[in-house]
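Peer 1: Mind having a look at this structure? Questions to follow.
The values are calculated or read from the model by the stated rules, or taken from the named source; none is laboratory data. The shown structure was predicted, so the numbers you read here are calculated from the model rather than taken from an experiment. Cβ coordinates were reconstructed from backbone atoms using ideal geometry, including for glycine residues, and neighbour counts include every protein chain displayed. Note: accessible area is taken over every heavy atom of the protein model, side chains too, but ligands, DNA and RNA are not part of it. Shrake-Rupley method; radii C 1.70, N 1.55, O 1.52, S 1.80 Å.
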Amino acid sequence: MVIAIDGPAASGKGTLAKRLAAHYRLPHLDTGLLYRAVALALLDAGLDLADRAAAAAAARALSPEFLGDARLRGSAMGEAASIVSAQPEVRAALLDWQRRFAGSAAGAVLDGRDIGTVVCPDAAVKLFVTASAEERARRRHRELDGRGEPVAYEAVLSDILRRDARDADRSAAPLRVAEDAVVIDTTELDADAAFRAATGVVDGRG
Ligand code: C5P
C-alpha cells in the first residue's frame, strides 16, 4: 500500500506522514529532503543553484547517506531546494530514486509536492494536506521561535507565499491536487485531528 501525501510548505504533511508510517509500519520518505540535499551539494561545492548541469549531476550522484545532514532542515535550504526543484533535469534524476523507494517494500509513505500526480500516480491512497498561508506562517513562526531563531511573522509569511508561488507556477510537476486525492485542510485541525482524518481515509478505502 503506497500512501502519497502532497501539500504546500508547513501544511503539517511531514508530521502526518511520519505518524501514518509508524501506525501502518511502512517506510517513510520525505522527498523534500532529496531536493534539499541537491541544493546543499551545490552550495557546498561553491556552485550556483541556477547551474542546471551541475544541479542535474548532483541529483544523479545523490545517495541515502546525504539525507541525514542536519543542515538540510533549515528554512534557507527549503528556499534553495525550491530553486533547484524547478529544473526538469533534477526532477527526472530523482524520479527513479523515489519510485524505487515506493516499490521496495510491501508499501511506503512518501510526502512531497508531486507524489500523487507524478511519482506514484497509482498510489492506493492520495492525501493533499493544506492550510491557509496565515496559519502555516503562524506554525512556522512558532517553530522557529521555539528553536531560538526569532524571525518577524511577516517575513515568515512572505517566505511561505514566495515558496507557494514558485512550487505552483513552475512548469515541471507543479504543486496541484491530484484528481483522486482527498483534501485535508488542517487550518482548524491539530495534529491528532489530522491523523484521525487521514486514518479514516486509509481504513475506509475501497
Ligand atoms: O517539503 P520541503 O519544504 O522540504 O521541500 C522543499 C522544496 O523542495 C519545496 O519548496 C519544493 O520546491 C521542493 N519539492 C518538490 N517536490 C517534492 C518535494 C519537495 O519540488 N516532491
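Peer 1: Using the Kirkwood formula on the Cα atoms of segment 32-148, what hydrodynamic radius do you get, in angstrom to one decimal?
Peer 2: 15.5 Å
Peer 1: Kindly provide the trypsin sites (Lys or Arg not before Pro) of segment 117-206 that DSSP labels as loop, not H, G, I, E or B, and whose Cβ sees at most 13 other Cβ atoms within 10 Å.
Peer 2: R147, R205
Peer 1: Normalising by the residue count of the chain, find the relative contact order in percent from Cα pairs under 8 Å and 6+ residues apart.
Peer 2: 33 percent.
Peer 1: Assuming 1.306 mPa s and 10 °C, estimate D for the chain with Stokes-Einstein, Rh taken as the Kirkwood radius over Cα pairs, in µm²/s.
Peer 2: It comes out at roughly 92 µm²/s.
Peer 1: Give me the 1.4 Å probe accessible area per residue for the chain, excluding ligands and nucleic acids, in Å².
Peer 2: Dividing the accessible area of the chain by its residue count gives 48 Å².
Peer 1: Measuring from label point to label point, each 7 Å out along Cα→Cβ, what is the A152 to R176 span in nm?
Peer 2: 3.6 nm
Peer 1: In whole Å, what three semi-axes, largest first, describe the equivalent ellipsoid of segment 1-98 built from its Cα gyration tensor (square root of 5 times each eigenvalue)?
Peer 2: Here the semi-axes work out to 24, 14, 12 Å.
Peer 1: Modelled label-to-label distance, A191 and A61, 7 Å Cα→beta-carbon offset: nm?
Peer 2: Between A191 and A61, the simple spin-label model gives 3.6 nm.
Peer 1: Roughly how many percent of the accessible protein surface of segment 30-184 is carbon and sulfur, given a 1.4 Å probe and a whole-percent answer?
Peer 2: Carbon and sulfur together cover 55 percent of it.
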